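In what follows, a structure is listed as structure tokens, so that the remarks can point back to it.
Every number in this text was worked out from the coordinates using simple rules, so none of it is lab data. In this text the structure is predicted, and so the values were computed from the model without any measurement. Cβ atoms come from the backbone with ideal geometry, glycine included; neighbour counts cover every protein chain shown.
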Amino acid sequence: MKFLDLFAGIGGFRLGMEYAGHECVGFCEIDKFARASYKAIHDTEGEVEMHDITTVSDEFVRGIGSVDIICGGFPCQAFSIAGKRKGFEDTRGTLFFEIARFASILRPRYLFLENVKGLLNHEGGATFETILRALDELGYDVEWQVLNSKDYVPQNRERVFIIGHLRGERTRKVFPFERKNQHLDSERKGINIVGSVRPIGSNRWGDKDVVYGSNGITGTLLATDYKNIRKVAIPVLTPDRLEKRQNGRRFKNDGDEMFTLTAQDRHGIMVAGKLPGNHDQNSRVYNSGGIAPTLSTMQGGGQEPKIWIDYQIRKLTPLECWRLQGFPDWTFDRAKQVNSDSQLYKQAGNSVTVPVIADIAKRL
């Protein structure tokens, strides 16, 4: 079926729809950086291209012609718990009605929409009721389901997906559904938080402080992750000797047995930092690659030596963020040619998860 890609971003909806065999006839995206990535990834020659959806006239919309599906992950900041949740009072919230306007003119068989889970309970459900009422008045029967990206990729990301069916078109129901291999989820490792880089003594706690394990599920990707980028902990052999390997490996996965101790390598702990405190000895933090201090008889009450755990903490790369949204590497390679890392981080956080879209799209 032919579809129109509104609030297109970098084309997560498009990629999933195309995986399911549907054909894109046009797209709309206001952000010039996201649009550059979109056009680098997808062949848009001969397609309808729109930028600011609020400036697109009804006459232009009519000229698009026949479409079977309108897709749109309409801006979610107005409904997200991460934002101020002003809903339709926020100008971004009113952009839903642009989808309604397009639907009233083009009359597609399906509407395929996405938003944050918080949309369902915003203003006690009044906001979602307004959306349902608007679609009902347009002649669309609506169904929805909350799906989590962790069933497809290693990222905890709950989103509500909405399907509108044009009355009289005999379209088939899509929801609810479960993945055939969902029984395997019980065997998966959940969100694996191994530590924090929150400054000592700070009362503030934020997502940017969390350090994730390398083989667990990361938290939800956000558009602001280019500022506070996710951090991953990876066990490493002799951090001070880059050339050192053991059985060809320098890094271990979480849960693996530790590297074998050898006579060639120094073992012990060395001073790595200092905690707040009045006494120099019990305030120091030691590294496992140096020499421990003299043990005292007073080992209680914070007197114990503190050891710096042998982890190397690093940020997720932009490529890894794109992978967490289900984008194949070739799409990232193309986008990287036209955008900076900060934009690539932002674009990943703003996108939909491609395999989730594809799974729904094949049921349309």
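The table that follows gives values for the structure above.
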{"read-out": "Links that overshoot a 24 Å alpha carbon limit, given the list K39/K150; K2/K362; K2/K336", "value": "K39/K150; K2/K336"}
{"read-out": "Among 162-174, 332-344, 100-112, the order from most to least packed when residues are scored by Cβ within 10 Å on average", "value": "100-112, 332-344, 162-174"}
{"read-out": "Spacing of the two label points (7 Å from each Cα toward its C-beta) at E137 and D52, in nm", "value": "2.6"}
{"read-out": "Formal net charge of residues neighbouring T331 (Cβ-Cβ distance under 13 Å; K, R +1; D, E -1)", "value": "+1"}
{"read-out": "Segments 323-330, 59-66 sorted - mean Cβ within 10 Å per residue, highest first", "value": "323-330, 59-66"}
